[in-house]
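Notes follow the structure.
The values are calculated or read from the model by the stated rules, or taken from the named source; none is laboratory data. It should be emphasised that the depicted structure is a prediction, and the values quoted were computed from it without experimental measurement. Methodologically, a virtual Cβ is constructed for each residue, glycine included, from the backbone with ideal geometry; neighbour enumeration extends over all protein chains shown. Please note that ligands, DNA and RNA were not included when accessible areas were found on the heavy atoms of the full protein model with its side chains. Shrake-Rupley method; radii C 1.70, N 1.55, O 1.52, S 1.80 Å.
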Amino acid sequence: MKKSYWIFVFVLVAGIFFVEYDLTKRTSRSAFVKKNPARLIHTKLAPATSTETSYQDPTRAGFDFRFQELTNEISQLQDDPEKVEQRMKILAESMTDDDVRQLSEVLTNKKNNGDKRAMAVEILSRNQSNESLKQLENFIRKNESPAEKWSREREFESVLKAQAVEGIAAFPQKDVAISSLTALDQKIEESFLKDRIKRSVASLKNQAPLPEKQDNDALEKLVE
Amino acid sequence: MSQAMIAVFLFFSTMVFASSQQSLQMPYKDSEFTCLSASEADKYTRDFGVDVRSFGGKELCDAQVDTKKLFNDIKIVEGGQFAEGQNNLIKGFVNKSQYYDWLKEQTRGIERGNDIPWATAYNSGGYFTMQDGWAKLSTLGRVGTFIHEARHTEGYRHISCRQGPYQGVSLAGCDSNYNYGGSHAVEMEYYARVSVQGINFHPVYKKMARLMAIARSNFVFNTAVLQPREAVMALSENRTQAHVYDQGQWFIREVPAVEGRLKRTSFGAVIFNGLAAFAIELYQNSGFPDAIEDTYSYYKLMGETQNIKDFEEFDSGVKRHVVKIGNNNKLAEFDFPQGSWGSEKSLPFSVAKLSTAVPGNVKAGLFLVSTEGKIFNYVPESQQLVSQPGQWDFSNQEVVTFKNQNLILRNDGKIYVQSGESLQPWLQTENLYSGLVVVPVYDAFEVVKE
């Protein structure tokens, strides 16, 4: 009887230690972030790193830090892309106007890594505030220097702007989106972007399917 | 025994508590989430002959180091999954389940350098050198570049660009078309697969793949792969209806009851009377005969400008141009970035009309026809007028290009298609018309594989 008693005590203590260890391991990341704000400043929009984080509470880690973590994920395969969508949504919805402006700087700075800029467009697009709309418009309106020769980097600018056009088109108020895109159409000269704008406007006016659908229908014909 | 029961109860309670704590969380990221294992890195280094030192040394975690960028790219190629398509007999240029093996086969070595700074990367006999431009690209751009370079190992080379942004560049940078299956096509095929069939890619990676494929389809092929769809619109002789020919069928659309010339716009078509433009609804009939001033197309750029003789928009290279000819016989072009008209330039002849096509030439552009019938091509890049051979036949009311053919509306009200030197009635249409344009339709793309 006494022997079995001590076996159970041992199992209980071992179990508690195991669970405690596991919990500590999982929560130490956010605890670290919470207790060391100075570290956050240090990692402000830092380049891609493998730094750990937790997403359970969006208010517990700095915006920059979480943005960088999301950016790092672009270069990783995803077992559950839905969860990635959810994380991007949470971050976009937690943004302040200051965050939006800061993200706009990330987007427009061509020295930044391509993934970081693509994620910046994505998060701005999902934020859907007046401030983010303004920043996306400014980005699209910014014409490239005529002196800049075409290259993959230049093509990437067009793709980012096309991504921003879709972001504006997804704005919840259709009339605002149409008005914004129509005004942009008269400020840009690149045929590809004009085509993207026209497709978005046609879709918003229920005259055509979403441009995303049009694209994939066409691309499907190439790979089928 | 009861103490033992309590112990077991406490143990399971603790486990349940821990489990409930976990279920409240969003999926957390493991500390090793973005790190590669040493064995993976060694395998990639071996399989692709990576000169690790030139990339900044062996790095398993920090994506700031170029080695890790390359390893990330290879891992995406290795683990990227694609859903089965509807037609499994068509394998494409590269078998979608064998990207890793194919890349390995085409790659004898990879190093990092910056000896050709204007290039993103280059392939010399199967040895790839990734330049600074490569390191700045997005992950998708880097993977696309890798696949692109690998195709060169199989002997596919580029030719000079005849259209798009690289036209006029001294180096050969384009492929003739998609079916050639060159580096651009293989790269585009990968983007298309990621977008359409990709299973485990990041949503932003997929979105960028879709947009990159659409953009590059117009940038790097001499025959654009995905072209805007176009329809023919003809104004009935009594000017009460517009007949639209789209995808082999005719539709009838309402026309505003105003005098003027049928003109193409970036959003469809308008009736333009020199002072204002009135929209023709391309997609539906409203049932209301009221003339609605066009607010979407460039005709609103005219603003307060009065007495315009003609107005036209057209593409040249990758740019859209809008030109107006005033009754004072001066030409001006709209400056989109500035949002205003450029300076007016006097023309050395009196302009009778503008046309976006001339008989015998299916290449779109802007042509000025003088009152004497001389034809001049306006070159927006140099803002010069280039005299064209031949005379304008004034019995040609309108000339347009549709599906690589010239359609001509003659003064007899009939539409003809030009076949060599002769004209044949187009589609045996019995109707008589007073206007003819080709309009863009934004509900799908024309896919041109040839």
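Tabulated results
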item	result
Single condition B:Lys363 does not satisfy, out of (1) free of Cβ contacts under 8 Å to residues at least 40 places away in the same chain; (2) open to solvent by less than 70 Å² (accessible area, probe 1.4 Å); (3) closer than 18 Å to B:Pro440 by Cβ	(2)
Test: B:Leu436 is out of contact with any Phe, Trp or Tyr (no Cβ under 8 Å at 6 or more places or on another chain) and either among the hydroxyl-bearing types (Ser, Thr, Tyr) or assigned to a strand (DSSP E or B) (or both)	yes
Candidate set: the range B:32-52, residues that are within 28 Å of A:Val84 (Cα to Cα) and surrounded by 15 or more Cβ atoms within 10 Å (Cβ to Cβ); chosen: the one modelled with the lowest pLDDT	B:Phe33
Filtered residue count, the range A:109-139, keeping only those that are assigned to a helix (DSSP H, G or I) and open to solvent by 50 Å² or more (accessible area, probe 1.4 Å)	4
Residues being open to solvent by 60 Å² or more (accessible area, probe 1.4 Å) and outside any helix (DSSP H, G or I) - total across the range A:208-221	1
Residues that are without any contact (Cβ under 8 Å) to a residue 40 or more places away in the chain and either open to solvent by 40 Å² or more (accessible area, probe 1.4 Å) or not in a loop (DSSP other than H, G, I, E, B) (or both), drawn from the range B:106-119	B:Asn114, B:Asp115, B:Ile116, B:Pro117, B:Trp118
Unmet criterion (only one of (1) closer than 17 Å to B:Arg142 by Cα; (2) in a loop (DSSP other than H, G, I, E, B); (3) aliphatic (A, V, I, L, M)) for B:Leu103	(2)
Residue in the range B:279-288 that is charged (D, E, K, R) and either open to solvent by 70 Å² or more (accessible area, probe 1.4 Å) or not assigned by TED's automatic domain parsing to the domain that holds B:Lys403 (or both) present	no
Residue count for the range A:140-151, restricted to those that are hydrophobic (A, V, I, L, M, F, W, C) and in a loop (DSSP other than H, G, I, E, B)	2
Hits in the range B:408-450 (condition: within 14 Å of another protein chain (Cβ to nearest Cβ) and either open to solvent by 60 Å² or more (accessible area, probe 1.4 Å) or among the β-branched types (Val, Ile, Thr) (or both))	B:Val439, B:Val441, B:Val447, B:Val448, B:Lys449, B:Glu450
Residues within the range B:106-135 that are within 24 Å of the chain's Cα centre (by Cα) and farther than 23 Å from B:Glu189 by Cα, tallied	1
Pair list, Cβ < 6 Å and 6+ apart or interchain, from the range A:127-142 residues that are under 12 Å from A:Thr108 (Cα atoms) to residues that are charged (D, E, K, R) and not in a helix (DSSP H, G or I)	A:Arg141/A:Lys187
Candidate set: the range A:140-151, residues that are over 23 Å from B:Leu301 (Cα atoms) and among the hydrophobic types (A, V, I, L, M, F, W, C); chosen: the one least open to solvent (accessible area, probe 1.4 Å)	A:Trp150
Residue match in the range B:377-387 (condition: buried (at least 17 other Cβ atoms within 10 Å of the Cβ) and more than 29 Å from the chain's Cα centre (by Cα))	no
Among the residues listed as B:Val204, B:Val169, the single one being crowded, with 24+ Cβ neighbours inside 10 Å, more than 30 Å from B:Asn328 (Cβ to Cβ), over 17 Å from the mean Cα position of the chain (by Cα) and free of Cβ contacts under 8 Å to residues at least 12 places away in the same chain	B:Val204
Residue among B:Ile292, B:Ile271 that alone is open to solvent by 60 Å² or more (accessible area, probe 1.4 Å), without any contact (Cβ under 8 Å) to a residue 40 or more places away in the chain, more than 11 Å from chain A (Cβ to nearest Cβ) and of a type in the set (A, V, I, L, M)	B:Ile292
So B:Ser183, is it surrounded by 17 or more Cβ atoms within 10 Å (Cβ to Cβ) and not aliphatic (A, V, I, L, M)	yes
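Quick grid of which residues meet (1) more than 31 Å from the chain's Cα centre (by Cα); (2) surrounded by fewer than 21 Cβ atoms within 10 Å (Cβ to Cβ); (3) within 14 Å of chain A (Cβ to nearest Cβ):
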position: B:Ser54; (1), (2), (3): yes, yes, no
position: B:Gly57; (1), (2), (3): yes, yes, no
position: B:Gln64; (1), (2), (3): yes, yes, yes
position: B:Asn72; (1), (2), (3): no, no, yes
position: B:Gly79; (1), (2), (3): no, yes, yes
position: B:Tyr99; (1), (2), (3): no, no, yes
position: B:Lys104; (1), (2), (3): no, yes, no
